[in-house]
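Visitor: Handing you a structure now.
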Amino acid sequence: MSSEGVSEQAVQTAGQTIQDAVRRVGGIPAFTSRLLLWSFGVGVVPPAALVAALQMKSLLFLEYVHVISGGTWTGFDLFMSVILGRILASLDLPGRVEVAKRLTPTTFFIMPSLASTAITAGIYLAESLGTFILSSPWIIAAGVVVIILTAQGFGIFMPNSMRIFMELAKPSPDRAKITRLNSMNIRLAGVQGVMQLAIILIMAHIAVYPP
Amino acid sequence: MNVYALVAVALFAAAFLGIYGSIYLNALSSYRKGELDWHGIRILRLGLYGHLTIFAILAITALLV
């Protein structure tokens, strides 16, 4: 009776493995779509909150959306470079590839959504407070940092993530390439984190000494 | 309506589409050569639709101020 139970369990496990293998069409793992959908669900929240803040015409809510999206964006970047970067450095190549397979779809929508919401909410907030004066050196400095962050996001972050997806979709993915692209994104997150610390200093200056 | 905000979102979307589109076309070319699986193209399409949705929501904000 016991051996029958074990064999049933073995059959179920084998069946599950076959189902997983069937779901893994090509190189793209089955969980990629789920993680991408999760990322989209979370990524829609910041711009939707911004719409709600503007619809309610609440300066407090607008300020909250700007600070929470900007702060979360900065926190993510610092976490990725300071903590996750160290963890990845301690992993072997297959381990790094497994992290990259999960990290890329999970951050695919969340990071650009937080970034674009923080920037857009910041402009609306500055307009509302009367501090959006384009001749002010502090506003110009904030604009320059935002342009650099956006160029890095569109020019390096996103293309690298897309190339990781493309590599995963190949019959025999180049693991070293996936790891290299992911490491580049992690290092870039560190650069972005430092730039965001600079922009927070600029924001603090604008808040205390309005132009 | 904030015209500058709408133009800014449109410019961001155009820059995004330019970069995303060029990589997507490369992926499509690789798929036609048999180097890439269809699911890779599907994932990239889902990524495109998702980003466009986020841009569309941000564009709505320009109509609210």
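Visitor: Only one of B:Leu25, B:Leu52, B:Leu6 is over 17 Å from A:Asn160 (Cβ atoms), more than 10 Å from chain A (Cβ to nearest Cβ) and loosely packed, with under 12 Cβ neighbours inside 10 Å. Can you tell me which?
Guide: Criteria check complete, one pass: B:Leu25.
Visitor: So B:Met1 fits all but one of (1) out of contact with any Lys or Arg (no Cβ under 9 Å at 6 or more places or on another chain); (2) more than 30 Å from A:Val65 (Cβ to Cβ); (3) outside any helix (DSSP H, G or I); (4) among the aliphatic types (A, V, I, L, M); what number is the exception?
Guide: Here B:Met1 clears every test but (2).
Visitor: Any residue at all in region A:134-153 that is touching a residue at least 60 places away in the same chain (Cβ under 8 Å) and closer than 28 Å to B:Ser22 by Cβ?
Guide: No, region A:134-153 contains no residue that is touching a residue at least 60 places away in the same chain (Cβ under 8 Å) and closer than 28 Å to B:Ser22 by Cβ.
Visitor: Just give me the residues in region B:39-49 being more than 13 Å from the chain's Cα centre (by Cα) and either more than 7 Å from chain A (Cβ to nearest Cβ) or in contact (Cβ under 8 Å) with a residue 40 or more places away in the chain (or both), in sequence order.
Guide: Scanning region B:39-49 gives B:Ile41, B:Arg42.
Visitor: Out of B:Leu36, B:Leu17, B:Leu46, B:Leu58, I need the residue that is more than 24 Å from A:Ala118 (Cα to Cα) and out of contact with any Gly (no Cβ under 7 Å at 6 or more places or on another chain). Which one?
Guide: B:Leu36
Visitor: Let me ask another. When the residues of region A:49-84 are filtered to those that are in a helix (DSSP H, G or I) and of a type in the set (S, T, N, Q), which remaining residue is farthest from the other protein chains (Cβ to nearest Cβ)?
Guide: Restricting to residues being in a helix (DSSP H, G or I) and of a type in the set (S, T, N, Q), the top hit is A:Ser81.
Visitor: Any idea how many residues of region A:183-197 are farther than 23 Å from A:Arg96 by Cβ, in contact (Cβ under 8 Å) with a residue 12 or more places away in the chain and exposed (fewer than 15 other Cβ atoms within 10 Å of the Cβ)?
Guide: Number satisfying all stated conditions: 1.
Visitor: Now a separate question. Does any residue of region B:9-16 turn out to be at the interface with chain A (Cβ under 8 Å from one of its Cβ atoms), modelled with pLDDT under 90 and exposed (fewer than 14 other Cβ atoms within 10 Å of the Cβ)?
Guide: There is no residue in region B:9-16 that is at the interface with chain A (Cβ under 8 Å from one of its Cβ atoms), modelled with pLDDT under 90 and exposed (fewer than 14 other Cβ atoms within 10 Å of the Cβ).
The values are calculated or read from the model by the stated rules, or taken from the named source; none is laboratory data. If you're wondering where the values come from, they're calculated on a predicted model, not measured in any experiment. Counting neighbours? That spans all protein chains shown, and the Cβs are built from the backbone with ideal geometry, glycine included.
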